[in-house]
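Participant: Take this structure, written in structure tokens, and hold onto it; I'll ask about it next.
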Amino acid sequence: MARRKRRPLVPDSRGALDQFKNQVMANEGYHIDKENPDNVKFEVANEVGVPLQKGYNGRLTSKEAGKVGGKIGGSMVKELVRMAQERMKNK
């Protein structure tokens, strides 16, 4: 199975995406490391009981990985939807 490319469609947007992730996850009550915004995934994994560790995690099931990524990505999507609804309401 091929690995997904973990790069944004617009390469210059990486910094803004990381900043947005930091903002959303801080609002959710997580500790944010501005130097390494991906560290929040370890805190989320610990909270949901997934044995995520630095380095190789090939033994994680898809369900376990989805619990971590879903929490982070889902929170970001909810915030984007909220922001869009707010803009539509103000027009």
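The values are calculated or read from the model by the stated rules, or taken from the named source; none is laboratory data. From a predicted model like this one, the values you see are computed outputs, not experimental measurements. We place every Cβ from the backbone using ideal geometry, glycine too, and count neighbours over all the protein chains shown.
Participant: In segment 42-80, which residue that is over 10 Å from the mean Cα position of the chain (by Cα) and closer than 17 Å to F20 by Cβ is surrounded by the most Cβ atoms within 10 Å (Cβ to Cβ)?
Facilitator: First, pick out the residues of segment 42-80 that are over 10 Å from the mean Cα position of the chain (by Cα): 42-43, 45-67, 78-80.
Checking which are closer than 17 Å to F20 by Cβ leaves us with 78-80.
Working: K78: 12, E79: 17, L80: 12.
If we take residues in segment 42-80 being over 10 Å from the mean Cα position of the chain (by Cα) and closer than 17 Å to F20 by Cβ, then E79 is surrounded by the most Cβ atoms within 10 Å (Cβ to Cβ).
Participant: I'm told Y30 meets every condition in (1) at pLDDT 90 or above; (2) surrounded by fewer than 12 Cβ atoms within 10 Å (Cβ to Cβ) except one. Can you identify the failing condition by its number?
Facilitator: Y30 satisfies every listed condition except (2).
Participant: Say whether the condition of being among the hydroxyl-bearing types (S, T, Y), in contact (Cβ under 8 Å) with a residue 12 or more places away in the chain and part of a helix (DSSP H, G or I) is met by at least one residue in segment 74-85.
Facilitator: Applying the first criterion (among the hydroxyl-bearing types (S, T, Y)) to segment 74-85 yields 75.
This time we only want the ones that are in contact (Cβ under 8 Å) with a residue 12 or more places away in the chain, so: 75.
Remaining after also requiring part of a helix (DSSP H, G or I): 75.
Yes, some residue in segment 74-85 is among the hydroxyl-bearing types (S, T, Y), in contact (Cβ under 8 Å) with a residue 12 or more places away in the chain and part of a helix (DSSP H, G or I).
Participant: Just to be sure I understand the filter: pairs with C-beta atoms under 6 Å, separated by 6 or more residues or on different chains, first member in segment 27-50 and within 21 Å of G15 (Cα to Cα), second member modelled with pLDDT of 90 or more and acidic (D, E). Which pairs pass?
Facilitator: Y30/E43
So that you can scan it fast, the table gives a plain yes or no per residue for (1) more than 21 Å from L80 (Cβ to Cβ); (2) of a type in the set (A, V, I, L, M, F, W, C):
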{"position": "G29", "(1), (2)": "no, no"}
{"position": "D33", "(1), (2)": "yes, no"}
{"position": "N39", "(1), (2)": "yes, no"}
{"position": "L52", "(1), (2)": "yes, yes"}
{"position": "N57", "(1), (2)": "yes, no"}
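Participant: Looking at segment 48-73, which of its residues are within 17 Å of E28 (Cβ to Cβ) and in a loop (DSSP other than H, G, I, E, B)?
Facilitator: V50, the sole residue that qualifies.
Participant: Given the criteria of a type in the set (S, T, N, Q), assigned to a helix (DSSP H, G or I) and within 12 Å of the chain's Cα centre (by Cα), does N39 qualify? Talk me through it step by step, then tell me what you get.
Facilitator: Numbers: of a type in the set (S, T, N, Q): yes; assigned to a helix (DSSP H, G or I): yes; within 12 Å of the chain's Cα centre (by Cα): yes.
Criteria met by N39.
Participant: Please name all residue pairs, on different chains or six or more residues apart, with Cβ atoms under 8 Å, provided the first residue is in segment 1-21 and is of a type in the set (D, E, K, R) and the second residue is at pLDDT below 85 and surrounded by 10 or more Cβ atoms within 10 Å (Cβ to Cβ).
Facilitator: Here the result reads R14/P8; D18/P37; K21/P37, each pair linking segment 1-21 to a residue that is at pLDDT below 85 and surrounded by 10 or more Cβ atoms within 10 Å (Cβ to Cβ).
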